[in-house]
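Colleague: One structure, as structure tokens, below. Some questions next.
The values are calculated or read from the model by the stated rules, or taken from the named source; none is laboratory data. If you're wondering where the values come from, they're calculated on a predicted model, not measured in any experiment. We place every Cβ from the backbone using ideal geometry, glycine too, and count neighbours over all the protein chains shown.
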Amino acid sequence: MELFLDGPAGRLEALLETESDPVRAAAVCCHPHPTYGGTMHNTVVFRAARALRRAGAATLRFNFRGVEGSEGEHDGRIGPGGEEDDALAALDALAERYDAPLWGVGFSFGSRTIASLSLREPRLERLVLIAPPVDVFDCSALVKLRVPALAIWGDRDEFGTLASFERRYPDPPASLETAEIEGADHLFRGRTPKLEEAVLDYARRALETA
């Protein structure tokens with residue numbers, strides 16, 4: 001279902017999808033960097049969202065401010081304000097619709113955004129973080145997480161790999177599960193089916209123990 005959300009910088013274009021009744025979880029899905037062509041239709045975000053729906057979740061993909069049909073202008077900050085508050089508006093919309101655990105999903109810039117939001121938003125109960133760009137941006141929010149999370153990288157990611165993360169942040173929280181897709185670059189070219197299966201496996205395991 002296509003819809004528009006009330007965002008802090010104007011309306012946000014969004015797409016709400018579900019394949020289950022009842023919904024077992026509801027996930028906000030954050031796309032990669034807007035200035036590099038990131039939108040809610042990004043293939044990685046699409047695949048991750050579909051995996052969650054296969055596991056029984058509803059997904060809300062949305063465009064950050066200034067992207068396609070969303071109003072406002074790109075901000076780029078990580079922390080209160082900017083795109084992080086767009087994600088909060090999307091979370092509010094999900095919370096109004098579903099009485100279910102709220103999850104956050106993000107790819108690249110989106111992973112940094114939703115991880116940071118989770119540090120101040122107690123309604124987020126679980127995260128899926130895809131390709132956090134640990135070699136080029138501050139991703140320290142990952143080692144401050146207080147909720148269960150999965151972080152996935154490709155072993156050929158030019159913006160940071162699992163090995164890079166382990167070197168930079170040698171003491172991650174016990175609640176953070178990590179995984180790596182062999183042969184995958186930052187965009188998971190040719191490896192998106194493997195990414196989707198990794199997200200599906202994690203979501204099913206999480207929902208089985210919920």
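Colleague: Go through segment 162-188 and give me each residue that's farther than 18 Å from G110 by Cβ and assigned to a loop (DSSP other than H, G, I, E, B).
Modeller: Listed by number, the residues that qualify are Y169, P170, D171, P172, P173, A174, S175, E182, G183.
Colleague: Looking for something buried (at least 19 other Cβ atoms within 10 Å of the Cβ) and closer than 30 Å to G183 by Cβ - is there at least one such residue anywhere in segment 66-75?
Modeller: So the first thing to find is which residues in segment 66-75 are buried (at least 19 other Cβ atoms within 10 Å of the Cβ), and the list is 67, 70.
Next, from what is left, pick out any that are closer than 30 Å to G183 by Cβ: 67.
There is at least one residue in segment 66-75 that is buried (at least 19 other Cβ atoms within 10 Å of the Cβ) and closer than 30 Å to G183 by Cβ.
Here is a yes/no grid of residues against (1) farther than 20 Å from L12 by Cβ; (2) in contact with an Asp or Glu (Cβ under 6 Å, 6 or more places away or on another chain); (3) among the basic types (K, R):
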residue	(1), (2), (3)
D99	yes, no, no
F109	no, no, no
I114	no, no, no
R123	no, no, yes
I130	yes, no, no
V134	yes, no, no
S140	yes, no, no
G154	yes, yes, no
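Colleague: Moving to a separate point now. Quick one: which of R54, R77, R65, R120 is assigned to a helix (DSSP H, G or I), over 16 Å from M1 (Cβ atoms) and not aliphatic (A, V, I, L, M)? Before the answer, list the steps.
Modeller: Details: R77 fails: assigned to a helix (DSSP H, G or I); R65 fails: assigned to a helix (DSSP H, G or I); R120 fails: assigned to a helix (DSSP H, G or I).
Only one candidate passes the filter, namely R54.
Colleague: Name every residue in segment 15-47 that is part of a helix (DSSP H, G or I), touching a Gly at 6+ places or on another chain (Cβ under 9 Å) and surrounded by 16 or more Cβ atoms within 10 Å (Cβ to Cβ), in order of residue number. Can you show your working first?
Modeller: Residues of segment 15-47 that are part of a helix (DSSP H, G or I), as a first pass: 34-36, 43-47.
Now drop any that are not touching a Gly at 6+ places or on another chain (Cβ under 9 Å), which leaves 34-35, 45.
Those that are part of a helix (DSSP H, G or I), touching a Gly at 6+ places or on another chain (Cβ under 9 Å) and surrounded by 16 or more Cβ atoms within 10 Å (Cβ to Cβ): P34, V45.
Colleague: A further question follows. Where the second residue is part of a helix (DSSP H, G or I) and of a type in the set (S, T, N, Q) and the first is closer than 16 Å to G37 by Cα and lies in segment 105-116, which pairs have Cβ atoms under 7 Å and are six or more apart or on separate chains?
Modeller: G106/T113
Colleague: So, R50, is that one modelled with pLDDT of 95 or more, buried (at least 23 other Cβ atoms within 10 Å of the Cβ) and of a type in the set (K, R) or not? Spell out how you get there, then give the answer.
Modeller: On the way: modelled with pLDDT of 95 or more: yes; buried (at least 23 other Cβ atoms within 10 Å of the Cβ): no; of a type in the set (K, R): yes.
Answer is no for this residue.
Colleague: Can you tell me how many residues in segment 46-75 are touching a residue at least 40 places away in the same chain (Cβ under 8 Å) and either out of contact with any helix residue (DSSP H, G or I) (no Cβ under 7 Å at 6 or more places or on another chain) or of a type in the set (S, T, Y) (or both)?
Modeller: Total meeting the criteria: 10.
Yes/no per residue for (1) modelled with pLDDT under 95; (2) over 13 Å from the mean Cα position of the chain (by Cα); (3) within 25 Å of L91 (Cβ to Cβ):
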{"residue": "G104", "(1), (2), (3)": "no, no, yes"}
{"residue": "P122", "(1), (2), (3)": "no, yes, yes"}
{"residue": "R126", "(1), (2), (3)": "no, no, yes"}
{"residue": "D135", "(1), (2), (3)": "no, yes, no"}
{"residue": "P148", "(1), (2), (3)": "no, yes, yes"}
{"residue": "D157", "(1), (2), (3)": "no, yes, no"}
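Colleague: Please verify whether segment 130-138 includes one or more residues that are crowded, with 20+ Cβ neighbours inside 10 Å, outside any loop (DSSP other than H, G, I, E, B) and out of contact with any strand residue (DSSP E or B) (no Cβ under 8 Å at 6 or more places or on another chain).
Modeller: At the first step, the residues of segment 130-138 found to be crowded, with 20+ Cβ neighbours inside 10 Å are 130-134.
Within this subset, residues satisfying the condition of being outside any loop (DSSP other than H, G, I, E, B) are 130.
Remaining after also requiring out of contact with any strand residue (DSSP E or B) (no Cβ under 8 Å at 6 or more places or on another chain): none.
The answer is no; no qualifying residue exists.
Yes/no matrix, rows are residues, columns are (1) β-branched (V, I, T); (2) closer than 18 Å to A203 by Cα:
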residue	(1), (2)
R61	no, yes
F64	no, no
D75	no, no
E83	no, no
D86	no, no
R97	no, no
V105	yes, yes
A115	no, yes
R120	no, no
